[in-house]
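The values are calculated or read from the model by the stated rules, or taken from the named source; none is laboratory data. Quick caveat, the model's predicted, so the values are computed rather than measured. When we count neighbours, we look across all protein chains shown, and the Cβ atoms used for this are built from the backbone with ideal geometry, even at glycine.
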Amino acid sequence: MAVAGGKIDYQGGRWIVPDHPIIPFIEGDGTGADIWRASQRVFDAAVAKAFGGKRSIVWKEVLAGEKAFKATGNWLPDETLAVIREHRVAIKGPLTTPVGGGMRSLNVALRQILDLYACIRPVRWFAGVPAPVREPQKLDVVIFRENIEDVYAGIEFEAGSEKADKLRDFLIDQLGVKTLRQGSAIGIKPMSKFGSQRLVAKAIQYAIDHQRPSITLVHKGNIQKFTEGAFRDWGYQLAKERFGGQTIPEADAGSGTREAGRVLIKDRIADAMFQQVLLRPDEYSVIATSNLNGDYLSDACAAQVGGLGMAPGANVGDGYAVFEATHGTAPKYAGQDKVNPGSVILSGVMMFEEIGWSAAGKAIIAGIEGALAAKKVTYDLARQMPGATEVPTSTFADAIIAHLK
Ligand SMILES: NC(=O)c1ccc[n+]([C@@H]2O[C@H](COP(=O)([O-])OP(=O)(O)OC[C@H]3O[C@@H](n4cnc5c(N)ncnc54)[C@H](O)[C@@H]3O)[C@@H](O)[C@H]2O)c1
């Protein structure tokens, strides 16, 4: 008999999750359908394994992308946004970005409507996954990237345009800027104390909740003092004022490791951080950074442990969260039951952790580790893993389910 399902709520900074929550999903375009079919089976099996029938998810499909366009003539129906807002937690596969203008990006729309200010990307290595570095197991970080401000705010003026020239004149005449080449394009990089501190707060809370040893504020404050430098200063200030008893700044910590149960707060300049994650990866745990730094750093870290095929992601605000694959639609493999569902499946693990169903997440991790150890993997991994058997998307999901613990 079908379970009716209830709505997830959010009160006082905590999720309130019924035993049978309704979770909207967007299957995704291209390979999305293959991936979603496999992922949903893994999710349902993991919940059954972890909670023995007491809990289950009531999946609710919402349309976006090509599937929505074919059914409704609209790439992103308002109904989809409304349902996600109503149910608060959603998960999505990759969507085609149609070439040519005229349509809203789902991610941008959701980010704005639900104020999903933290892009969270955990990056860790799974035994057996081919990686380009010698010791990929040493990298195990969770990157919190500010999702709304910085150069992504979209305030840019084209070179030679009247607005750019006006702005240049204003900067020179009114604000004392000395040199700014005539005809320059100009972009604006807004970063607020509010926006920076709420991102850092989420990262610190995560480190506390998950017993992580440290958080590193990554910034380019040596050059951009009032934006990136302020991000660092606001971060330390927030750690002291709101989490003083649970954190300790690196400057006050003797040994440089987590002190007496307190989370170590440190900061690194962005360019040095790219070296650090390669040379001393095990010294970093939770990372909080501004939008553009985080964009670069999360892809670089994902590549270090074997690429985007297995990299999950989440966009999270206060009381809203959308989990998603970090790769695209891989259209040439659509409908072939071929590609790796790992990114969506691991996004589901993040979702389970976020809503407090960690046992289901842990079961899936064990399942993935088991499938990798059995060397039954999709083509992308099989072609680089000696002795591996290439299996379809659906069989990889079967192998994960067989190894759930
Ligand atoms: N989050 C999103 O919705 C998102 C992200 C990136 C790209 N896109 C869209 O996806 C479409 C294709 O973009 P693209 O080709 O630049 O990127 P892509 O990620 O689809 O493909 C890049 C490469 O990775 C491979 N690949 C991707 N996912 C894989 C998986 N799960 N398993 C194994 N191999 C995988 C592809 O075959 C291809 O060789 C475009 O319309 C783009 O706009 C969407």
Restricting the search to region 67-85, which residues are more than 19 Å from Gly5 (Cα to Cα) and surrounded by 18 or more Cβ atoms within 10 Å (Cβ to Cβ)?
Lys67, Ala68, Phe69, Trp75, Leu76, Leu81
Members of region 305-352 that are near the ligand (Cβ under 8 Å from one of its atoms), over 15 Å from Gly367 (Cα atoms) and in a helix (DSSP H, G or I)
Leu308, Gly309, Pro331, Lys332, Tyr333
Near pairs, Cβ below 9 angstrom, 6+ apart or cross-chain, from region 82-102 (under 10 Å from Ile23 (Cα atoms) and more than 8 Å from the ligand (Cβ to nearest atom)) to any residue that is aliphatic (A, V, I, L, M) and modelled with pLDDT under 95:
Ile84/Leu110; Ile84/Ile113; Ile84/Leu114; Arg88/Leu114; Ala90/Leu110
Given (1) surrounded by 24 or more Cβ atoms within 10 Å (Cβ to Cβ); (2) within 16 Å of the ligand (Cβ to nearest atom); (3) farther than 20 Å from Arg198 by Cβ, identify the lone condition not met by Gly294.
(3)
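Given the residues Arg168, Arg181, which is the only one that is free of Cβ contacts under 8 Å to residues at least 40 places away in the same chain and surrounded by 12 or more Cβ atoms within 10 Å (Cβ to Cβ)?
On inspection, the qualifying residue turns out to be Arg168.
If you go through region 354-375 one residue at a time, do you hit one that is part of a loop (DSSP other than H, G, I, E, B) and under 12 Å from Ile400 (Cα atoms)? Don't jump to the end; show me each part of the working.
So the first thing to find is which residues in region 354-375 are part of a loop (DSSP other than H, G, I, E, B), and the list is 355-357, 374-375.
Now restrict to residues that are under 12 Å from Ile400 (Cα atoms): 374-375.
Yes, region 354-375 has at least one match.
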Among Ala360, Ala303, which is the only one that is among the hydrophobic types (A, V, I, L, M, F, W, C), surrounded by fewer than 21 Cβ atoms within 10 Å (Cβ to Cβ) and touching a residue at least 24 places away in the same chain (Cβ under 8 Å)?
Ala303
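Against the condition part of a helix (DSSP H, G or I), under 20 Å from Asn291 (Cα atoms) and β-branched (Val, Ile, Thr), how does Val200 come out, does it pass? Give the derivation first.
Details: part of a helix (DSSP H, G or I): yes; under 20 Å from Asn291 (Cα atoms): yes; β-branched (Val, Ile, Thr): yes.
So Val200 fits the description; yes.
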Among (1) surrounded by 16 or more Cβ atoms within 10 Å (Cβ to Cβ); (2) part of a helix (DSSP H, G or I); (3) within 16 Å of the ligand (Cβ to nearest atom), Ile120 falls short only on (2)
Find all pairs meeting these conditions: Cβ atoms under 8 angstrom apart; at least six residues apart or on different chains; first residue within region 1-21 and within 24 Å of Tyr206 (Cα to Cα); second residue part of a loop (DSSP other than H, G, I, E, B) and among the aromatic types (Phe, Trp, Tyr).
Tyr10/Tyr320; Val17/Trp357
Inspect all residues belonging to region 200-218 and state whether any of them is in contact with a helix residue (DSSP H, G or I) (Cβ under 6 Å, 6 or more places away or on another chain) and farther than 19 Å from Ala314 by Cα.
yes
Scan region 148-175 residue by residue and report those that are modelled with pLDDT of 95 or more and in a loop (DSSP other than H, G, I, E, B).
Glu158, Ala159, Gly160, Ser161
